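Novice: I'd like to ask some things about the structure below.
The values are calculated or read from the model by the stated rules, or taken from the named source; none is laboratory data. Quick caveat, the model's predicted, so the values are computed rather than measured. Remember, those area values only see protein heavy atoms, side chains included, never the ligands or the DNA or RNA. Shrake-Rupley method; radii C 1.70, N 1.55, O 1.52, S 1.80 Å.
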Amino acid sequence: EQIPGIEVLPSRRCYALTDVIREREESVYPKMEGYMKEKPVDILSMNFSIPKALPDAIRGERYAFVTLQMGQIRALADVSLGFGKMCYYEDSETPDDAPVPGFVVYSRRAASIAGWMSGVEIAAVRGNFETKQVVMETGLNNAYLMARITDGQKAEVKEFNQNKKSRGGLHFFAVQEDAESDEIEGFWLLRELKL
């Protein structure tokens, strides 16, 4: 049954709902009579499309794997960043100096790129060693090729993946004109979920 005025859309960015379901699966359902634990679905086994190339008009000139401290991320929650979204993330125990990995695209067209990115539901950024690609996953099962991983970047990608895993999937994607700029045209705090 539909509720008037509310449009229901499938999404991977339902972090609070996912946390509630996971908590209930761990502490409520096992106590219920007849409960049978189901094998969790690994998001890697989902049918993601082959990464599409980004349209030329929104390709960045450069990119970098970077790290911000958790305290810096918390401070951004109170700042108007223009384009982007901060995901739901409840973790008051993480110290302010804990590293949060990110992927930044630099371009003279940063505002246009951030505007376009705000029109897709960004779910995660992945560094994949097998394909040597940095892929942005959007929507339920779309993917865009953001960059190719060179041999010289393997250590950066490994650190990005390790820090993301140690933060429970938390990472970010940002768009700026250049590395020296104080202006962030777009910032998305993301949380990669294991479904």
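Novice: State the percentage of accessible surface on the stretch 125-171 attributable to carbon and sulfur atoms; use a 1.4 Å probe and exclude ligands, DNA and RNA.
Specialist: Numbers: 1100 of 2360 Å².
Here carbon and sulfur together make up 47 percent of the probe-accessible area.
Novice: Please compute the per residue accessible area over the stretch 113-195 with all protein chains in place, 1.4 Å probe, rounded to a whole number of Å². All intermediate terms of the calculation are to be shown ahead of the outcome.
Specialist: Details: 3800 Å² over 83 residues.
Value returned for the stretch 113-195: 46 Å² of accessible area per residue.
Novice: May I pose another question? For the stretch 88-195, just say rounded, prolate or oblate: build the C-alpha gyration tensor, square-root its eigenvalues into a ≥ b ≥ c, call rounded for a/c under 1.5, and beyond that prolate if a/b exceeds b/c, oblate if not.
Specialist: Details: a/c = 1.27, a/b = 1.14, b/c = 1.12.
Since a/c stays below 1.5, the shape of the stretch 88-195 is classed as rounded.
Novice: Enter the accessible area of residue 109 (Å², nearest 10), with the probe set to 1.4 Å and all protein chains included.
Specialist: Rounded to the nearest 10, that gives 80 Å².
Novice: Let me check against my output: what whole-number percent is the relative contact order of the stretch 46-189, with C-alpha pairs under 8 Å and at least 6 apart?
Specialist: Working: 260 pairs, mean separation 47.2, N = 144.
33 percent.
Novice: In the structure displayed, which of 37/132; 37/158; 31/165; 85/164 lie more than 25 Å apart, Cα to Cα?
Specialist: Values: 37/132 36 Å; 37/158 33 Å; 31/165 30 Å; 85/164 18 Å.
The pairs that break the limit, which is 25 Å between Cα atoms, are 37/132; 37/158; 31/165.
Novice: With every protein chain kept in place and ligands, DNA and RNA left out, what is the accessible area per residue of the stretch 54-109? Probe 1.4 Å, answer in Å². Display every interim value, and only then the final one.
Specialist: On the way: 3340 Å² over 56 residues.
Value returned for the stretch 54-109: 60 Å² of accessible area per residue.
Novice: Ok, one more. Could you tell me, in Å, what Rg and Dmax come out for the Cα atoms of the stretch 80-150?
Specialist: Cα only, the stretch 80-150: 14.2, 38 Å (Rg, Dmax).
Novice: To continue, here is another question. Among rounded, prolate and oblate, which fits the stretch 123-172 when a ≥ b ≥ c are the square roots of the eigenvalues of its C-alpha gyration tensor, a/c under 1.5 means rounded, and a/b larger than b/c means prolate?
Specialist: Values: a/c = 2.57, a/b = 1.12, b/c = 2.30.
Verdict is oblate for the stretch 123-172.
Novice: Output the relative contact order of the stretch 108-193, whole-number percent, from Cα pairs under 8 angstrom with separation of 6+ residues. Can you show the working numbers first?
Specialist: Details: 126 pairs, mean separation 25.1, N = 86.
Value for the stretch 108-193: 29 percent.
Novice: Could you put 93, 26, 121 in order of accessible surface area, largest first, with the 1.4 Å probe and the full protein assembly present? Numbers along the way, then the final one.
Specialist: Values: 93 165, 26 135, 121 65 Å².
Per-residue accessible area, sorted high to low, gives 93, 26, 121.
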